[in-house]
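Trainee: Below you'll find the structure I mean.
The values are calculated or read from the model by the stated rules, or taken from the named source; none is laboratory data. A quick note: this is a predicted structure, and the numbers were derived from the prediction, not measured. A quick note on method: Cβ atoms are made from the backbone with ideal geometry, for glycine too, and the neighbour counts reach across all protein chains shown. Please note that ligands, DNA and RNA were not included when accessible areas were found on the heavy atoms of the full protein model with its side chains. Shrake-Rupley method; radii C 1.70, N 1.55, O 1.52, S 1.80 Å.
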Amino acid sequence: RSMYLKKYWNIILKNNFVKSFLILISGSAAAQIINFGFYPLLSRIYDSKDFGVLALFTSIIGICSSFTSGKYELAIPTVKEEAEARKIVKVAMFFSVSFAILVALILFLIWSFFPNFQRELFQNNLVWLVPISIILINGYEIFTYYYIRYGNLKIILRTKLYQAASKNIIQVGGG
C-alpha cells in the first residue's frame, strides 16, 4: 500500500506544473505564517483605531491596484517574443504610473476642498502613500508575471517571504 503511494508521489513530484504550484503555494503559505506570527505583537503596539486606518488604507490601495495597469500583465507569460513581453511591461507600468498620478491629483483635490473628509488618513499624511503604494504593488505584480514567463518561481517565493518579513518589521518599528 505505501509502495503505491510512494510511486504516485514520485510521479506527481516529477511533474513541472505540480513543482511550480508547490513552490508558489509554499511561498504564499510561509508569508501568511510570518504575518500571523506578528499579529500578537502588532495588537499590543497599535489600538483598534490604527487598525481601522490601516484597513481603509489597504482597501483603497487594493481597489485601485486591481485595475490600474489595465491587466496587461496577464499577457506577459503568454506572448512568444521577448521584445513583445518587454513592451507589455512598459505599457502596464505606464498605465500604473499614470493612474497613480491621477489618484494623487484626486486626493489633493479632496484634501483641498473637503478638509474634514477622512481626517485619519490626511492627518497622518498616509494618504500620500496611496499613489506610491499603487505603483509599487502594480510593479510587483507586473514583474511577478514577467518572472513566471521564465519559470523563475523561486525568486517569486523569496520576494513573498522578504515582503512579509519587511512589512512586519516596518510595522513593529514604526510603532
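Trainee: Which residue is least open to solvent (accessible area, probe 1.4 Å), if the candidates are limited to segment 122-153 and must be among the hydrophobic types (A, V, I, L, M, F, W, C) and under 19 Å from S28 (Cβ atoms)?
Mentor: So, considering only residues that are among the hydrophobic types (A, V, I, L, M, F, W, C) and under 19 Å from S28 (Cβ atoms), the one least open to solvent (accessible area, probe 1.4 Å) is I142.
Trainee: Within segment 72-104, which residues are in contact with a Phe, Trp or Tyr (Cβ under 8 Å, 6 or more places away or on another chain) and not in a helix (DSSP H, G or I)?
Mentor: Hits for segment 72-104 are I76, P77.
Trainee: Quick check: is even one residue across segment 91-105 under 26 Å from L161 (Cα atoms), surrounded by fewer than 13 Cβ atoms within 10 Å (Cβ to Cβ) and modelled with pLDDT of 85 or more?
Mentor: Scanning segment 91-105, I find no residue that is under 26 Å from L161 (Cα atoms), surrounded by fewer than 13 Cβ atoms within 10 Å (Cβ to Cβ) and modelled with pLDDT of 85 or more, so the answer is no.
Trainee: Quick check: is even one residue across segment 3-14 open to solvent by less than 80 Å² (accessible area, probe 1.4 Å), polar (S, T, N, Q), part of a helix (DSSP H, G or I) and over 24 Å from I137 (Cβ atoms)?
Mentor: yes
Trainee: While we're looking at this one, here's another question. Looking at segment 61-82, which of the residues that are open to solvent by 60 Å² or more (accessible area, probe 1.4 Å) and of a type in the set (A, V, I, L, M, F, W, C) is nearest to I142 (Cα to Cα)?
Mentor: Checking each candidate, the answer is L74.
Trainee: Quick one: is F17 open to solvent by 100 Å² or more (accessible area, probe 1.4 Å) and not in a loop (DSSP other than H, G, I, E, B)?
Mentor: yes
Trainee: Taking the residues in segment 154-175 that are closer than 10 Å to I34 by Cβ and of a type in the set (K, R) as candidates, determine which candidate is surrounded by the fewest Cβ atoms within 10 Å (Cβ to Cβ).
Mentor: K167
Trainee: Continuing with this model, one more query. Residue check, N152 against (1) under 20 Å from S69 (Cα atoms); (2) modelled with pLDDT under 85, all met but one. Which one?
Mentor: Evaluating N152 over (1) under 20 Å from S69 (Cα atoms); (2) modelled with pLDDT under 85 leaves (1) as the failure.
Trainee: Select, from S43, S69, S59, S65, the only residue that is within 23 Å of the chain's Cα centre (by Cα), in a loop (DSSP other than H, G, I, E, B) and not β-branched (V, I, T).
Mentor: Result: S69 is the single residue among S43, S69, S59, S65 that is within 23 Å of the chain's Cα centre (by Cα), in a loop (DSSP other than H, G, I, E, B) and not β-branched (V, I, T).
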